[in-house]
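What follows draws every value from the coordinates through simple rules; no lab data is involved. These figures come from a predicted structure and were not determined experimentally. Neighbour counts are summed over all protein chains in view; Cβ atoms, including those assigned to glycine, are modelled from backbone coordinates with ideal geometry.
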Amino acid sequence: MQTTLPSARIRRRGLMLVLSSPSGAGKSTIARNLLKSDEAITLSVSVTTRGRRASEIEGVHYRFVSRREFDRLRDGDSLLEWAEVHGNSYGTPREAVEEAMANGRDMLFDIDWQGAQQLAQKMRADVVSIFILPPSMAELQSRLRRRAEDSEETIRRRLTNAAVEIEHWREYDYIVVNDDLDRAFSAVQAIVRAERLRRDRRPGLFEFVDDLLAEKLD
């Protein structure tokens, strides 16, 4: 009969895992691999005023809301972070994130440095931020071209934006250089494992240690 190990029974608070990078540096691939390999990690679902595309599913890709509803959430401090992008608003609902973390689930945020700043301002103790760097700007350019998704003008704009984003690397807890995807993914997994073991994320340790010290020996 298989029993649960004592370490697995220690109650912990979930963490807010922030992944940021310039476009083409590998952030989205690493995020997808994390979600596939770790059942304790849930992707944060943003609310947006943007119209739903045919391929998108309500509650999976986004929660689609009216401008009035978005403004109500924002003004009521119900969003942990929000931004305006191309005339549409996007934000992270506070309630779903806090409920998940209280139940020991980790929330994954695939956001830029501006969103990361807002999360850190509101819930710094819960945030673990990782910035993914490309090995070189030349390699970043090559990756963007290999994707064959964008025009040359768009690629140039993404490279210009990348330089601005990389300037914010000092604001992150961890920096991972993605010169090899498997190695970069392993580094991110190691960060998650270590952060889950932090004393201040494991309120169940108090009860565990009390029981440990009260244990009767023969």
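Listed values, structure above:
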quantity	calculated
Amide H contacts of Leu79 (H built 1.01 Å from N, under 5 Å, at least 5 apart or other chain)	Arg94
Computed P(r) (all Cα pairs; the chain; 10 Å bins; percent)	7, 28, 33, 21, 8, 3, 1, 0
Cα coordinate range in the stretch 115-209, projected on the principal axes (Å, largest first)	59, 30, 21
Furthest towards positive pole of dipole, Gly59, Leu34, Ala116, structure part the chain, Cβ charges	Gly59
Extreme residue, positive dipole direction of the chain, given options Val127, Phe70, Ile10 (C-beta unit charges)	Phe70
Expected 222 nm ellipticity per residue - DSSP helices of 4 or more, -39500 (n - 2.57), all of the chain, to 500	-13500 deg cm²/dmol
For Leu133, residues with placed amide H under 5 Å, excluding near neighbours	Val176, Val177, Asn178
Other-chain or far-sequence residues with amide H under 5 Å of Gly24's (modelled H)	none
Cα-based shape type of the stretch 63-153, given that a ≥ b ≥ c are square roots of the gyration tensor eigenvalues and the cut on a/c is 1.5	oblate
Proximal lysines to Lys27, defined as alpha-carbon separation beneath 23 angstrom and excluding residues fewer than eight positions away on the same chain	Lys36
GNM flexibility winner over the chain from Glu195, Glu95, Glu207 (Cα, springs under 10 Å)	Glu207
Over the stretch 1-135, relative contact order from alpha-carbon pairs under 8 Å, at least 6 apart, %	42
Check: the stretch 60-148 dipole with +1 on Lys, Arg Cβ and -1 on Asp, Glu Cβ, in debye	440
Size of the stretch 29-71 as Cα extents on the principal axes (Å, biggest first)	37, 22, 14
